[in-house]
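Heads up: the structure comes next, in structure tokens.
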């Protein structure tokens, strides 16, 4: 019957998912959300590919704990890490100094570690050269005399066990202002004087670029941060062997050069290729073309939004039917959906990440998007059903139609306009919110937006933002067209 | 929907628990020729009685007219028969067997129901509205085609208009479609709740004439609710006058006019007459 057209609503997002089939399991390299980690991730990917091992790189997934959890949860197979961070943040044991002791401790978690890659990227406090000279500050101890200096450090550094708090205690610093600020934005803040001191990594390309000085760690507070790769012990043997070829091949000077190249060209693949001493021409040609990247981001974006929308429809319409009947259950359903909607999307993602089933994965993003998509569908289904005039409900009953027939052939088709507009709202919300999925390494069009924010590079941001906005408009138009097919003609007069 | 089924279940419980009064044997015994019989049916809303214990018989082949001022309980009575309202107590018999939640869906297929605004489903064409129940019962459109043509002829509705949606039809046409839908399965009983109430006078007059002719041709047992005495007079083989939840008097219009049972009856008849004359 014509009235069963409502079934097709669910086929639309399903179609979006089907058109994007997933690849066979490649080795997944993760990286943290800063340039050096991106570059090391790219180097690892290229090394594996050169060894004939399929590999993909999930760029900038987050901070240490997120990457560590992703590794333990097998969502990634390897990622670049630093020995100091492993001891302080992951194993939480400051007595672990030798690589051997750390390796033993890690093996209990089923995680292996390469030998150091060859450079020490320790934390450092940095200032503008002119400001430091003006105040005569050369060492961290010198900061004691200047509590008026504004400190701006990354959120991770603020919370780390080898970060701001112990450092301030050790050096007896009591500055008047300490704020948390994104790493990339911190450089801009340093330049315009919003902050005076920030944390950095000793191989950071921007130190040279912005003419900054590293304050001497005169009491030797910071531990050694030798770069290594952590990998799952169960990772394929040839992949482990390939990663180990990187051991001892990268010194500080080389790393600063690669970091500088990455920041100058905004192209991590190109910077990574410098490591392999390719000439620039072939480096550009081996980078993934923009059209491929865009297709990959868009497809992933549609998968995330489409699958979560499908779930929201399948769950939301029955919930809406229950909610339309009012009573305690009905109010509870609408109340729950409304509360979920008020949780900030970033907070919802953060709440889901530590749960066992979720972690750092597309699953988490889909679950969060599903929860967001629920309310409009539930509410519109319920109100659409409630708006059916009593006389028409009674006519359906008086005819002798069974309850199921009344629902499928009379009530739902009569509410189709309202239900579809709820689905449309959810779809547009999901396409927009799916950009946040990149924060937990789930990919999509948020990936370039996040990289761009990290590099303070507007072009990269727009490479994600413009397609995401267009996608939302296209989804809106598609549903407007779908209205004509799915809403019975008699209701459109 | 939940509210309604809860009522129905409570109704069922009352019957099982024997709360419902089976009614005086004399009433049941003497009127076996009636198609529908209401025995001591009572209904109140939040303690306010809408229908005091009421007995009523609907005779086969006749048009019984329920008349009375707004809120007198006439619609409540009609809606109890089709099971849209469960009575607090009392029983309704259809062809001698009691209407229960278990058999109400079967009985509804033997009862046609027409309401003021037609009650047509806007997302279905006139044809789909008329054939809805037949299709639900698994009959093919080809099978039903002769019956549909017959109904169109009977109700003077052009077959060309069957493909239209309710919103593309006039008020009078909608009521003709609603009537066809009610008559589709040849119901033994036709319930009409102010079927002409929303129509302008000319359309109303022509539909009244057609309806009366249809009832005559089909020897249709019908229960018509109206507040218009002229309409009641025109249709009524038996007129049932109600007020404040009670049946005040039953009989022909002449009975009501010449032998009013109470002051209310005279008042009601005179008021309607003066309106008609004014």
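The values are calculated or read from the model by the stated rules, or taken from the named source; none is laboratory data. Just so we're clear, the structure is a prediction, and the values are computed from it rather than from any experiment. So basically every Cβ, Gly included, is an ideal-geometry build from the backbone, and we count neighbours across all protein chains shown.
A few remarks follow.
- Filtered by the rule that a residue be assigned to a helix (DSSP H, G or I) and farther than 19 Å from residue A:65 by Cα, segment A:84-102 gives A:99, A:100, A:101.
- Among the residues here, residue A:65 does not qualify as touching a helix residue (DSSP H, G or I) at 6+ places or on another chain (Cβ under 6 Å) and in a helix (DSSP H, G or I).
- Test: residue in segment B:196-213 that is touching a strand residue (DSSP E or B) at 6+ places or on another chain (Cβ under 7 Å) and at pLDDT 90 or above: no
- Segment B:30-68, residues that are at pLDDT below 90 and closer than 22 Å to residue B:233 by Cα: B:34
- Of residues in segment A:405-423 being touching a residue at least 40 places away in the same chain (Cβ under 8 Å) and under 16 Å from residue A:480 (Cα atoms), the one nearest to the other protein chains (Cβ to nearest Cβ): A:416
- Matching residues, segment B:122-160, being facing chain A (nearest Cβ under 10 Å) and outside any helix (DSSP H, G or I): B:122, B:123, B:124, B:125, B:137
- Residue ID - farthest from residue A:29 (Cα to Cα), chosen from residues in segment A:251-288 that are over 28 Å from the mean Cα position of the chain (by Cα) and at pLDDT 70 or above: A:253
- Within the option set A:481, A:471, A:453, being assigned to a helix (DSSP H, G or I), surrounded by 15 or more Cβ atoms within 10 Å (Cβ to Cβ) and at pLDDT 90 or above holds for one residue only, A:471.
- Meets criteria (within 14 Å of chain B (Cβ to nearest Cβ) and under 31 Å from the mean Cα position of the chain (by Cα)) for residue A:471: no
- Of all the criteria given as (1) within 14 Å of chain B (Cβ to nearest Cβ); (2) farther than 30 Å from residue B:111 by Cα; (3) outside any helix (DSSP H, G or I), the one not satisfied by residue A:401 is (2).
- Condition met for residue A:443 (on the phi > 0 side of the Ramachandran plot and at pLDDT 90 or above): no
- Count of segment A:162-191 residues which are at pLDDT below 85, over 22 Å from residue A:216 (Cβ atoms) and out of contact with any strand residue (DSSP E or B) (no Cβ under 6 Å at 6 or more places or on another chain): 5
- When B:176, B:181 are checked against the criterion of being within 14 Å of chain A (Cβ to nearest Cβ), over 13 Å from residue B:218 (Cβ atoms), crowded, with 17+ Cβ neighbours inside 10 Å and in contact with a helix residue (DSSP H, G or I) (Cβ under 9 Å, 6 or more places away or on another chain), a single residue qualifies: B:181.
- All positions within segment B:103-115 that are buried (at least 18 other Cβ atoms within 10 Å of the Cβ) and more than 7 Å from chain A (Cβ to nearest Cβ): B:104, B:107, B:111, B:112, B:114
- The residues on offer are B:82, B:67, B:58, and the sole one that is within 14 Å of chain A (Cβ to nearest Cβ) and either surrounded by 18 or more Cβ atoms within 10 Å (Cβ to Cβ) or over 16 Å from the mean Cα position of the chain (by Cα) (or both) is B:82.
- Flag if residue A:486 is surrounded by fewer than 22 Cβ atoms within 10 Å (Cβ to Cβ), within 14 Å of chain B (Cβ to nearest Cβ), in contact (Cβ under 8 Å) with a residue 12 or more places away in the chain and touching a helix residue (DSSP H, G or I) at 6+ places or on another chain (Cβ under 7 Å): yes
- Here the condition is being at pLDDT 85 or above, surrounded by fewer than 20 Cβ atoms within 10 Å (Cβ to Cβ) and part of a helix (DSSP H, G or I); of A:49, A:4, it holds for A:49 alone.
- Residues that are without any contact (Cβ under 8 Å) to a residue 24 or more places away in the chain and within 16 Å of residue B:183 (Cβ to Cβ) within segment B:137-147 comprise B:139, B:145, B:146, listed in sequence order.
- Single residue of segment A:377-398 satisfying the filter (touching a residue at least 60 places away in the same chain (Cβ under 8 Å) and under 30 Å from the mean Cα position of the chain (by Cα)) that is farthest from the other protein chains (Cβ to nearest Cβ): A:377
- Count of segment B:35-54 residues which are touching a residue at least 40 places away in the same chain (Cβ under 8 Å) and surrounded by fewer than 18 Cβ atoms within 10 Å (Cβ to Cβ): 3
- From the list A:351, A:369, A:374, the one residue that fits, being surrounded by fewer than 20 Cβ atoms within 10 Å (Cβ to Cβ) and part of a helix (DSSP H, G or I), is A:351.
- Qualifying residue in segment B:218-226 (condition: without any contact (Cβ under 8 Å) to a residue 40 or more places away in the chain and either part of a loop (DSSP other than H, G, I, E, B) or crowded, with 17+ Cβ neighbours inside 10 Å (or both)): no
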